[in-house]
Amino acid sequence: MARSNLVDMQAEPLPAATGTLVEIKDVHYEVGGRAIFSGLNLSIPRGRITAIMGPSGTGKTTLMRLITGQIKPTRGQVLFDGINVSTLKLGDLYKLRMRMGMLFQNGALLTDRNVFENVAFPLREHTKLPNELIRHIVLTKLQAVGLRGAAGLEVPELSGGMARRVALARAMATDPELLIYDEPFTGLDPISMGMIVRLVRQMNYALGITSIVVSHDVEELSILADMSYIIASGKVVASGSFVELKDHPSEIVNQFMNGLADGPVAFHYPAPDYFEQLLSRKA
Amino acid sequence: MSQLREVTDNIREFVRIVGAMVLFLLRILGQVPRLVMRPVLVIEQIYNTGALSLVIIMTCGLFIGMVIGLQFYDILARFGSEEAVGVGAALGLLKELGPVVTALLFAGRAGTALASEIGLMRATDQISAMEIMAVDPIYRVVAPRFIGGVIAMPLLAAIFIGIGLFGTQLIAVQQLGVEANSFWSQMRGSVHIDDVSDGIIKSCVFGVACSLIAVYEGYTAIPTAEGVGRATTRTVVTSAVLILILDYMLTAVML
């Protein structure tokens with residue numbers, strides 16, 4: 001998709017936001033004694049596309065796992081529509097997850113069934129709809145992502161971009177309120193990337209849902225997101241519109257937004273003295 | 001001192017794994033009432049673990065039965081009791097070889113398939129995707145495979161024993177000239193219902209052990225190619241050792 005078209009898309013008027021859907025309050029999270037988050041605070045406005053950005057290894061995917069309740073914070077609260085996700089019992093958590101959808105980086109399609117059955121899967125599991133109605137819903141969702149013609153294909157026959165579009169159709173099958181996209185642009189060619197950008201935007205505003213896009217593709221997010229958070233060192237280091245982030249005074253934000261190889265996020269991983277290590281026999 | 005610590009660490013790890021497996025089994029059993037409402041999920045897995053293992057089970061059963069025919073004939077002929085080949089084969093297959101060899105083959109064929117399938121589902125985020133879709137993977141993936149395996153194992157053992165007896169008869173009666181009537185009548189006269197129930201109990205216990213190890217190893221596999229490979233290997237090794245230990249314990253109780 002031409003960049004001008006994407007920019008035009010961004011210029012479309014936005015519906016008014018109505019409050020906050022997800023709120024992260026003073027979240028701390030540790031793995032093996034290493035702090036991933038230390039006092040993370042952020043809010044995801046309802047009906048908007050929010051980007052979560054940051055250098056690799058800052059815990060962007062971990063944040064998504066906290067929101068979906070796959071892991072629990074060491075301290076702090078993760079609120080979805082005012083409900084504390086981390087204190088829910090498994091049954092209640094599953095009920096809450098019916099209101100969420102997630103697009104995994106690799107699509108995470110079920111490899112033992114074809115495209116149609118993948119999209120039909122959540123409907124068959126959660127509803128007692130007749131087959132004919134399920135067929136209509138699945139074909140509608142596949143039509144929305146442009147893959148109605150691929151309904152009979154097996155998962156290994158799909159390209160990376162197609163797999164992600166099928167996964168998007170599956171995530172949309174139960175009409176969730178929140179859609180989470182984990183690195184949706186990674187490894188895609190420009191055409192597939194353009195398709196995904198367009199779909200995320202269209203889905204969000206046509207269906208009135210809330211979207212969280214986790215990525216480090218600054219250019220795509222600048223077109224797509226209504227607001228962005230940059231996470232580094234376990235905290236939010238900057239937030240706001242893309243224009244605000246571009247002019248942000250923080251060094252780390254400047255390094256990230258402009259793709260500088262060295263800066264607060266060092267090029268070199270911490271290591272002993274180079275000369276001494278070359279002379280010693282240790283690896 | 002460090003060796004003592006190593007021993008205690010190993011014991012603690014062993015207890016941890018056994019505890020985790022018991023809890024995992026309870027989680028699986030908790031899904032049984034829901035699965036009763038959707039038997040098709042279990043039937044699918046009986047086909048995958050049972051029907052797809054039939055060729056290997058039948059081939060091995062035939063050859064083991066034929067070997068028993070040759071060996072027993074050679075030994076019994078020394079005492080002039082060739083007609084007792086059928087009895088020896090029937091008791092050996094029913095009480096020992098049938099359940100044990102079937103379980104070892106089951107662990108190698110179906111157990112590895114279960115562990116690697118579930119492990120790969122975890123490595124490719126399919127398990128996480130189900131969790132996000134509010135579908136419990138224990139209910140949808142693990143429990144049907146476990147129950148399918150538990151049901152398939154005694155059925156496979158029965159087929160193994162039947163084919164094994166056919167193989168023994170093929171060698172003893174058709175090839176070595178043992179009188180057919182004596183072969184079958186002595187077998188009928190000496191094999192009791194207790195002998196059959198011993199075999200059924202053993203194959204059910206082995207079915208639970210093999211299926212539980214396979215689904216547990218797959219579900220807890222480290223989500224990498226190496227992790228799935230290790231889980232698959234552990235499934236075969238642990239199952240084989242456990243089958244032989246359980247076989248001794250069950251035999252000691254049953255005799």
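The values are calculated or read from the model by the stated rules, or taken from the named source; none is laboratory data. Note that the structure is a prediction, hence the values are computed from the model and not measured. Backbone-built Cβ (ideal geometry, glycine too); neighbour counts: all protein chains shown.
Of everything listed in (1) buried (at least 22 other Cβ atoms within 10 Å of the Cβ); (2) without any contact (Cβ under 8 Å) to a residue 60 or more places away in the chain, the single unmet condition for A:Met102 is (2). Candidates are the residues of region A:162-185 that are without any contact (Cβ under 8 Å) to a residue 40 or more places away in the chain and of a type in the set (D, E, K, R); the one that is nearest to A:Arg135 (Cα to Cα) is A:Asp175. Evaluation of B:Leu120 against the conditions (1) surrounded by fewer than 24 Cβ atoms within 10 Å (Cβ to Cβ); (2) more than 14 Å from chain A (Cβ to nearest Cβ); (3) not polar (S, T, N, Q) shows that the sole unmet condition is (2). Inside region A:218-247, residues that are closer than 15 Å to A:Glu183 by Cβ and modelled with pLDDT under 85 make up a count of 4.
Taking the conditions (1) buried (at least 21 other Cβ atoms within 10 Å of the Cβ); (2) not in a helix (DSSP H, G or I) in turn, B:Phe79 satisfies each one other than (1). Take region B:31-53 and flag every residue that is surrounded by fewer than 16 Cβ atoms within 10 Å (Cβ to Cβ) and either within 15 Å of the chain's Cα centre (by Cα) or in a helix (DSSP H, G or I) (or both). Across region B:31-53, the qualifying residues are B:Val32, B:Pro33, B:Arg34, B:Val36, B:Met37, B:Pro39, B:Val40, B:Ile43, B:Glu44, B:Tyr47, B:Ala51, B:Leu52. Can you pull out the residues in region A:169-216 that are among the acidic types (Asp, Glu) and either crowded, with 19+ Cβ neighbours inside 10 Å or closer than 15 Å to A:Gly101 by Cα (or both)? The answer is A:Asp175, A:Glu177, A:Asp182, A:Glu183. Could you please let me know if B:Leu94 is touching a residue at least 60 places away in the same chain (Cβ under 8 Å), within 14 Å of chain A (Cβ to nearest Cβ), within 23 Å of B:Leu244 (Cβ to Cβ) and out of contact with any His (no Cβ under 9 Å at 6 or more places or on another chain)? The answer is no for B:Leu94.
When B:Ala129, B:Ala143, B:Ala115 are checked against the criterion of being in a helix (DSSP H, G or I) and in contact with a strand residue (DSSP E or B) (Cβ under 8 Å, 6 or more places away or on another chain), B:Ala129 stands alone in meeting it. Only residues that are assigned to a helix (DSSP H, G or I), β-branched (Val, Ile, Thr) and farther than 17 Å from B:Ile17 by Cα were counted across region B:206-255, and they come to 5. Looking across region B:133-179, just one residue is within 14 Å of chain A (Cβ to nearest Cβ) and of a type in the set (Phe, Trp, Tyr), and that is B:Tyr139. For region A:180-209, the set of residues classified as hydroxyl-bearing (Ser, Thr, Tyr) and in contact with a strand residue (DSSP E or B) (Cβ under 8 Å, 6 or more places away or on another chain) consists of A:Tyr181 only.
A count restricted to region A:140-161 and to residues that are free of Cβ contacts under 8 Å to residues at least 24 places away in the same chain and more than 26 Å from A:Tyr94 (Cα to Cα) stands at 4.
In the set B:Val205, B:Val215, B:Val135, only one residue is modelled with pLDDT of 95 or more, over 25 Å from B:Thr59 (Cα atoms) and of a type in the set (A, V, I, L, M, F, W, C); that residue is B:Val215.
For B:Ala129, the requirement of being more than 14 Å from every other protein chain (Cβ to nearest Cβ) and crowded, with 19+ Cβ neighbours inside 10 Å is not met.
Within region B:165-202, being charged (D, E, K, R), part of a helix (DSSP H, G or I), touching a helix residue (DSSP H, G or I) at 6+ places or on another chain (Cβ under 7 Å) and farther than 22 Å from B:Phe63 by Cβ holds for B:Asp195, B:Asp198.
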